[in-house]
Amino acid sequence: MKKYRLQVVVFWLFFSLFIFCFYGVFYLASSGKLGEMPDFRQLENPKTNFASEIISSDNKVLGKYYFNDNRTPIDYDELNPKTIEALIAIEDERFYSHPGIDLKATIRAIVFLNTRGGASTISQQLARQLFVGVRSRNIFQAVVQKIKEWVIAVELEKQYTKEEIITMYLNIYDFGYYGDGIKSASNIYFSKEPKDLKVEESAMLVGMLQNSSYYDPFRRPEITRNRRNLVFNQMEKNKFISTKVKDSLKQLPLELEYNPQSHRRGLATYFRSYLRGFMKDWTSENLKKDGSKYNLYVDGLKIYTTVNAEMQQYAEESVKEHMKNLQKEFFRQNDTLSTAPFRDLDEDQEESIMKRTMRRSERWRKMRLLGRTNEEIENAFEIPTNMTIFSWDGDIDTIMKPIDSIRYYKHFLQAGMMSMNPQNGHVMTWVGGIDYKNFQYDHVMQSKRQIGSTFKPFLYATAIDQLKLSPCDAFPDMIHCIEPYKYGNPEPWCPTNSSDKYGGMRTLSNALANSKNTISAQLIDKVGPKPVADLARSLGVSSNVPNVPAIALGTPDLSVYEMVGAYGAFANKGIYVKPVMVTRIEDKNGTLIYQYKPETRDVLSEESSYVTLNLLEGVTKFGSGARLRHDIPEDERNYVYKNVVTGYPYKFNNAIAGKTGTTQNQSDGWFIGMVPNLVTGVWVGGEDRSIHFEEIAYGQGATMSLPIWGLFMKKCYESETLNVSTDDFDIPENMDIVIDCSKLKPIEIEDESEDINDLLGIGN
């Protein structure tokens, strides 16, 4: 009996010592004696890095800004219940019954040395992710880390509900491939939101929580599948699914829909690049309440934009479809050209372009950082090397001299496209180029190119506003000279028509529809260049528009952004609305920190703007934009229509106001088209002005740019959600200017073949 009594005493002595040491260690850990511990405020608000989201007007995530953490937090009710069940089944069966430490699991892990399962609860894993870090290989340090996890886990359980702990854990875990958090992981691996995950998809992601680099579905699909199936076993054990369901689910393969996320991929890449600059300026000027700056890459801002994801998709598809087709023709025509892709250059000019491009390249920059001389770098550009180059049929792995790759990339025609609602200024689409990964220069706002005849509506609008001219008013189609120094021009200015044919009379409607330079010369002589330039500035044009007569023919270099914003006033009854891209910004907690204020101004009378619209409608009815409406039978179409005008025939019959533009040598092709609630501008051209088609049939705006507009609008009209207008433009109640020419004495217009050049595919 005494023997047993001694054993009892010894047991209780050691048990009491164990309890004392256990609580002593807890006390030391919680008081920071074993290393720094998070304070109460940190536990209330654990700091994590969140990616900032770019959100479209139709509530789609266009992209994110982040450094290393592509993390977007979601709430508990945004999780799929099966995801939660899978998590609890495989990671923490008694999650809802323990206070952060699962004593039963802990004792089991100690007794069996972790051979029958671990003891880390979800709360402990969260504690490790938030505050402790990677497990040390030093045994003593590892034990200390474990104790800290216990202490922090208990504190987390005091501060948060079980649902909040689950949510935080799934929001913070790194699933690999920039899948930081369950939302990003769902988007990347399955192209869907967390709430929409299937059971097998939830199980795969939950299985990855043990070690996402080891359970990698791309590198180790079979191992990942086995881990997923183990999750199914645990879900059955915990009665979340039946045996029958488990058995059927285990037969399923891993079905991934990989959607990689990066700054160079996805929708609206050029717009996102512009927005990064916008946000840089905004964060410099707008501080947090504590005086610190917002960080775009870690603060989890929500940036609500005007871009419509569906419309943006159609715009990018349309650009790709036409530019791929146009490029094929450009390659064909340059196949035997020794100076390709350059035309009209001597050897020295060509060499100058190549050297300038070489010195702007990333390869040159990196070699300079390594201390190489200019001569060494130039020699390196002559050495063949392995590289991957862009093509419209997919990337090509090849061996090429870097200098030859520069010439190869110069061959590619570029495009810029922007759409805007003229009533509120909301920018709906933004396509800055053909492929952001390889061509990062933005042709919506950064690029400024000569605009050709697309400038003429500013001239006509000025004349209508000042002189109350009617579309029916006629002018002689003859060369008109403005004498030297009248408007600052040192020499006589006598522009000619592209056809070099003259005679007869032209109504304003006919003259604009066919871009007659003779009429433009007469109009700018009547009103003067300064009022025209002033009107352009009032319409949001910030680039230089000199007060000289030549602007009547579109000599200024302007951006697509400026032109679309300016044209918007014609469709908005003479009221200019500054284009807007961001409507509001919220912090990660949903607090509003920015709200845009519309900027508008009255520029033209409602009557003058409508008359200008009427003239521009004529362009698409019987002028250079008429191919939007007509339908030449297939067996009667010429080569241009069959092979280059992508998507023809378009067969639009609704009200469309528009203008084509073609610059000297066909270096730039423009088309700006308007319906009552959408203005869309398109530019197409080479990177350098010496890169162009030889013939105007191919290089005119009606061939290079108009097809993109036509393809895009057809897609928009087929949509059930976009509601792009097919209505007529609103006619002002009080009209003094006559627009119905049938009510007037008919004017005999010179019958000239140039008037049907568009129909033949050779107009301007």
Checklist entry - Can you name the number of the only condition in (1) free of Cβ contacts under 8 Å to residues at least 60 places away in the same chain; (2) surrounded by 15 or more Cβ atoms within 10 Å (Cβ to Cβ); (3) of a type outside the set (V, I, T); (4) in a loop (DSSP other than H, G, I, E, B) that M208 fails? => result (4)
Checklist outcome for this item: Note on M418: of the conditions (1) in the same structural domain as M674 (by TED's automatic domain parsing); (2) free of Cβ contacts under 8 Å to residues at least 60 places away in the same chain; (3) part of a strand (DSSP E or B), unmet is (2)
Checklist entry - Condition test on D477, is it over 21 Å from the mean Cα position of the chain (by Cα), under 30 Å from M323 (Cβ atoms) and acidic (D, E)? => result no
Checklist entry - Identify, please: which residue in segment 401-432 is surrounded by 24 or more Cβ atoms within 10 Å (Cβ to Cβ) and either in contact with a Cys (Cβ under 9 Å, 6 or more places away or on another chain) or of a type in the set (G, A, S) (or both) and is, among those, farthest from N386 (Cα to Cα)? => result S419
Item to check | Residues satisfying the stated conditions in segment 379-397, i.e. touching a helix residue (DSSP H, G or I) at 6+ places or on another chain (Cβ under 9 Å) and in a strand (DSSP E or B) | outcome: T385, M387, I389
Checklist entry - Of everything in segment 333-368 that's more than 31 Å from the chain's Cα centre (by Cα) and surrounded by fewer than 11 Cβ atoms within 10 Å (Cβ to Cβ), which residue is farthest from T703 (Cα to Cα)? => result D348
Item to check | E201 being in contact with a Ser or Thr (Cβ under 9 Å, 6 or more places away or on another chain) and assigned to a helix (DSSP H, G or I) | outcome: yes
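Test F218 against the criterion of being in a helix (DSSP H, G or I) and of a type in the set (F, W, Y), and give yes or no. Write out each step before concluding.
Values: in a helix (DSSP H, G or I): no; of a type in the set (F, W, Y): yes.
Spelling it out, it is not the case that F218 is in a helix (DSSP H, G or I) and of a type in the set (F, W, Y).
Kindly provide the set of residues from segment 218-237 that are more than 39 Å from the chain's Cα centre (by Cα), among the hydrophobic types (A, V, I, L, M, F, W, C) and buried (at least 18 other Cβ atoms within 10 Å of the Cβ), ordered by number. Step through it out loud before you land on a result.
Restricting attention to segment 218-237, the residues satisfying the condition of being more than 39 Å from the chain's Cα centre (by Cα) are 230, 232-237.
Narrowing the set further to residues that are among the hydrophobic types (A, V, I, L, M, F, W, C) leaves 230, 232, 235.
Across segment 218-237, the qualifying residues are F232, M235.
Suppose we keep only residues that are in a loop (DSSP other than H, G, I, E, B) and under 11 Å from the mean Cα position of the chain (by Cα) within segment 289-316. Which one would you say is farthest from R584 (Cα to Cα)? Explain how you work it out, then say what you get.
At the first step, the residues of segment 289-316 found to be in a loop (DSSP other than H, G, I, E, B) are 289-292, 294-298, 300-301, 306-308.
Restricting the remaining residues to those that are under 11 Å from the mean Cα position of the chain (by Cα) gives 307-308.
Numbers: V307: 13, N308: 15 Å.
Within segment 289-316, the match that is farthest from R584 (Cα to Cα) is N308.
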Item to check | Checking P194 against (1) surrounded by fewer than 21 Cβ atoms within 10 Å (Cβ to Cβ); (2) under 18 Å from G179 (Cα atoms); (3) not basic (K, R), the condition it does not meet | outcome: (1)
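Given the condition under 19 Å from L615 (Cα atoms) and within 34 Å of the chain's Cα centre (by Cα), answer yes or no: does some residue in segment 541-550 qualify? I'd like the intermediate steps shown before the answer.
Here is the first cut: in segment 541-550, the ones under 19 Å from L615 (Cα atoms) are none.
No, that holds for no residue.
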Checklist entry - Can you pull out the residues in segment 514-551 that are part of a helix (DSSP H, G or I) and either touching a strand residue (DSSP E or B) at 6+ places or on another chain (Cβ under 9 Å) or at positive phi (or both)? => result T518, I519, A521, Q522, L523, I524, D525, A536, S538, P549, A550
Checklist outcome for this item: Checked pairs for segment 262-284, first over 22 Å from I434 (Cα atoms), second among the hydroxyl-bearing types (S, T, Y), C-beta under 9 Å and 6 or more apart or across chains, list as M279/S52; M279/Y65; M279/Y294; W282/Y294; W282/Y594; T283/Y294
Next on the checklist: Can you find, within segment 605-631, the residue that is surrounded by the fewest Cβ atoms within 10 Å (Cβ to Cβ) among those that are closer than 14 Å to A461 by Cβ and of a type in the set (S, T, Y)?
Outcome noted: S605
Checklist entry - Which residues, taken from segment 539-561, are touching a Pro at 6+ places or on another chain (Cβ under 9 Å) and free of Cβ contacts under 8 Å to residues at least 60 places away in the same chain? => result G540, V541, N544, V545, P546
Checklist entry - For segment 201-213, does any single residue satisfy the condition of being more than 16 Å from I122 (Cβ to Cβ), at pLDDT 95 or above and not hydrophobic (A, V, I, L, M, F, W, C)? => result yes
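Restrict the check to segment 489-507 and report whether at least one residue is among the polar types (S, T, N, Q), within 16 Å of T454 (Cα to Cα) and surrounded by 15 or more Cβ atoms within 10 Å (Cβ to Cβ).
yes
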Checklist entry - If you take just the helices (runs of 4 or more DSSP H) that sit entirely in segment 683-764, which of them hold at least 1 residues that are out of contact with any helix residue (DSSP H, G or I) (no Cβ under 8 Å at 6 or more places or on another chain) and modelled with pLDDT under 95? => result 757-760
Checklist entry - In segment 616-657, how many residues are on the phi < 0 side of the Ramachandran plot and part of a loop (DSSP other than H, G, I, E, B)? => result 21
Next on the checklist: Just checking, does segment 330-343 include any residue being assigned to a helix (DSSP H, G or I), among the hydrophobic types (A, V, I, L, M, F, W, C) and within 18 Å of S705 (Cβ to Cβ)?
Outcome noted: yes
Next on the checklist: Go through (1) more than 19 Å from G686 (Cα to Cα); (2) surrounded by 14 or more Cβ atoms within 10 Å (Cβ to Cβ) for E375 and report which single condition fails.
Outcome noted: (2)
Checklist entry - Here are some residues: S273, S248. Which one is among the hydroxyl-bearing types (S, T, Y) and surrounded by fewer than 17 Cβ atoms within 10 Å (Cβ to Cβ)? => result S248
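The values are calculated or read from the model by the stated rules, or taken from the named source; none is laboratory data. Predicted, not measured: the structure shown is a model, and the values here were computed from it. Heads up, the Cβs are rebuilt from the backbone with ideal geometry, glycines too, and the neighbour counts pull from every protein chain shown.
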